[in-house]
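Worksheet for the structure shown next.
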Amino acid sequence: MAVTYGWMGALALLIVSSSPAFSQIFVYDQAHCTDVKLPPERRIESCTRLLEDGGGPDREIAALAALGGLYRGLHQYARAIDSYSRAVGYEALGVSDTQGGLVLSGQSVSLPSASWLIVALEGRAEVYALTGRPDLALADMAHVFKLSPNSAASYAARCRIRTIIKTDLDKALADCDEAMKLAPKDTQVLGTVGLLQYQLGHLKEAAADFGAVLNDNPKLAGALYMRGVIRLRSGDAAGGDADIAEANAEYPGIAANFADLGVMP
């Protein structure tokens, strides 16, 4: 199944080495490229060195996807699109199911390179949506469906993109409904449904979705932030402030990413 690399905090990545042949400096950069507790500029330096040091298409695609996410968080959208596009360009070379060099926080297996292409396409689609290019965003999502048809992750990602675009929330809801049918307990799916419910003004339903996400992963920054905003809007100032403070501790700068989506305390 495709892995979503977007607003829910999938940027919180750890990089692992699958080969003892890499130098100590390469391993150091792996440990810092996507460490969300570090300043983004430092992480960008490490990701860039990973690309310069090579390591094969798997790691290069993964590092480019990480760079895209970092630039998106800094609102450097042109650089984000460039990084994502370079990752997508590897598809022309042919991608294998060999194991890539990055693993999502809390998961025990690394992502195959084909999945990192999907990560890059979804990331680029999000930037296109944020910058007023809905046709390009939905074209990238059509590409995602060719690579990963009828998966819960694909439907959830397209629901998220349509939620950002905001011009056809009925289609976004249909995509989220399909994702829920396929994976009703998946945290990425639940988080995306929660974001849509929030945009529709259904705060009670959104709170329930993010609560379910946090039951599974209590430290997920995106869900903490969203629950905090909902609590503030529902009159629970203490609970909302506590959630937002914890989200910022887990992922500094998360407020700016959500402001892009129109979500603010």
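The values are calculated or read from the model by the stated rules, or taken from the named source; none is laboratory data. Source: prediction; values computed, not measured. Virtual Cβ from ideal backbone geometry, glycine too; neighbours counted across all protein chains shown. Calculation scope for accessible area: heavy atoms of the full protein, side chains included, ligands and nucleic acids excluded. Shrake-Rupley method; radii C 1.70, N 1.55, O 1.52, S 1.80 Å.
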Within the accessible area of the range 137-265 (1.4 Å probe), percent carbon and sulfur: 53 percent
Selected from G211, L200, I254, residue furthest toward positive end of dipole (the range 190-265; charges at beta carbon): L200
Contour minus Cα-Cα distance for K204 and R42 (0.36 nm per residue): 54.4 nm
Whole-Hz ³J(HN,Hα) from phi, Karplus 6.51 cos²θ - 1.76 cosθ + 1.60, for the range 218-226, glycine and proline x: x, 9, 6, 4, x, 5, 4, 5, 5
Heavy-atom accessible area per residue - the range 167-265, 1.4 Å, Å²: 46 Å²
Solvent-accessible surface ranking, highest first, for H143, H75 at 1.4 angstrom: H75, H143
Karplus (6.51, -1.76, 1.60) ³J(HN,Hα), θ = phi - 60°, over the range 228-240, in Hz, Gly and Pro reported as x: x, 4, 5, 4, 4, 5, 9, x, 9, 5, 5, x, x
Cα extents of the range 154-205 along the three principal axes, largest first (Å): 25, 23, 13
